[in-house]
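The structure appears right after this line, and notes come after that.
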There are 2 protein chains.
Amino acid sequence: MDKKKIKKISERCALQEILDVIGGKWSMSIIYALFPGKKRFGELERLIPGINTRMLVKELKNMEANGIVTRTVFATVPPTVEYTLTLKGEKLEPIINELYKWGLEHVS
Amino acid sequence: MDKKKIKKISERCALQEILDVIGGKWSMSIIYALFPGKKRFGELERLIPGINTRMLVKELKNMEANGIVTRTVFATVPPTVEYTLTLKGEKLEPIINELYKWGLEHVS
């Protein structure tokens, strides 16, 4: 396979990776809420208006599978669950901040 | 309404704006293909493997409505249709390039 073709395929995979991670209705809000640091499930729920428990569970599972979020369970009574961004997720911070700026500038 | 609440609402609108523009399956590929300059419909179709004519028409209409793309028809025989990014669309270039880099680094 020639180099140009390999580049094309990598670009398409990269695009798929991006859409898997930030293309969902809630994923960017969750990533955004996690930028300042770890959050408990309930905190995330309060920080993201409009999301419901089922959707938040689903999105967080998806983000864990994509290597964006780490879930830690503490053996307290009742158990505490904390979410943090992985390094891969943290690297999105400057990019998502730029996207937000662009969006704020162009909100119709 | 207090300032914090207004900020929250603007952030949510900004997020909606971003997802409208780049959250679609094909929109980022189309924007990416238009970065180097204007393209005819047929050129775009060739540059984006996997897209079909119906989808490309639909996405371009949506992008025109979102103010990302300008469509110009030239009165040639047969008519020529060219697409270019608007200023709003061009401003996405550095951000989408960063997203691509991030994606390429993390393709699983």
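The values are calculated or read from the model by the stated rules, or taken from the named source; none is laboratory data. Bear in mind that the values here come from a model prediction, so they are computed numbers and not experimental data. With ideal geometry, Cβ positions are generated from the backbone for all residues, glycine too; neighbour counts draw on all protein chains shown.
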Wholly inside segment A:1-68, helices (runs of 4 or more DSSP H) that include 2 or more residues that are within 21 Å of residue B:103 (Cβ to Cβ) and modelled with pLDDT under 90 are A:3-22, A:27-34
Which numbered condition residue A:73 misses (of (1) within 25 Å of residue B:10 (Cβ to Cβ); (2) loosely packed, with under 14 Cβ neighbours inside 10 Å):
(1)
Among the residues in segment B:79-88, are any at pLDDT below 95, surrounded by 13 or more Cβ atoms within 10 Å (Cβ to Cβ) and under 25 Å from residue A:26 (Cα atoms)?
yes
Taking the residues in segment B:91-108 that are not in a helix (DSSP H, G or I) and not basic (Lys, Arg) as candidates, determine which candidate is nearest to the other protein chains (Cβ to nearest Cβ).
B:107
Is it the case, given these coordinates, that residue B:88 is farther than 20 Å from residue A:17 by Cβ and either away from chain A (no Cβ under 13 Å) or in a loop (DSSP other than H, G, I, E, B) (or both)?
no
Can you find, within segment A:8-55, the residue that is nearest to residue A:80 (Cα to Cα) among those that are among the charged types (D, E, K, R) and more than 10 Å from every other protein chain (Cβ to nearest Cβ)?
A:40
Take segment A:45-89 and flag every residue that is of a type in the set (D, E, K, R) and free of Cβ contacts under 8 Å to residues at least 40 places away in the same chain.
A:45, A:46, A:54, A:58, A:59, A:61, A:64, A:71, A:88
